[in-house]
Amino acid sequence: MHRCDHWPSLIGLRIEIRHHGNPVRDGLVEAATTDATTDSSILWLHAEGVDGRTLYLADEGYEAWVEPATLPNDVYMQLICHRESVGEGLENDLSATSAQ
């Protein structure tokens, strides 16, 4: 799995939420925003079963993790383009955030 910092590209996809690297919950992303000017991200996971609709904030140490093989091609390409546009480079990002 790989961490994704561009949360709006995850809307409608199944992800795993981690808090300071520890798994918290997985679910479908219902809504997400990223404000580059304040470096804050907000993500809502859809209610499923006993888990209600839940808000997560990047500023509180939450991270969104995805399995690249499960992403639609257009979303995967958006993630690659976003990483390169902010100067991170895909190779560096994936190797730095990979977790087995």
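The values are calculated or read from the model by the stated rules, or taken from the named source; none is laboratory data. Every value quoted in this text rests on a predicted model; they were computed, and no experiment measured them. Glycine gets a Cβ as well: all are built from the backbone with ideal geometry, and neighbour counts include every protein chain shown. Ligands, DNA and RNA are excluded from the accessible area calculation, which covers all protein heavy atoms including side chains. Shrake-Rupley method; radii C 1.70, N 1.55, O 1.52, S 1.80 Å.
Accessible area per residue was computed with a 1.4 Å probe on protein heavy atoms; H46 scores about 80 Å².
Here the 3J(HN,Hα) profile of segment 16-27, calculated from phi with Karplus coefficients 6.51, -1.76 and 1.60 at θ = phi - 60°, is 10, 9, 10, 10, 6, x, 9, x, 10, 6, 10, x Hz, Gly and Pro shown as x.
Classify segment 9-72 as rounded, prolate or oblate, taking a ≥ b ≥ c as the square roots of the eigenvalues of its Cα gyration tensor: rounded when a/c is under 1.5, otherwise prolate if a/b is larger than b/c and oblate if not. Rounded, because the longest to shortest axis ratio a/c is under 1.5.
Distance between the pseudo-spin-label points of T70 and V24 (7 Å out from Cα toward the beta carbon): 1.8 nm.
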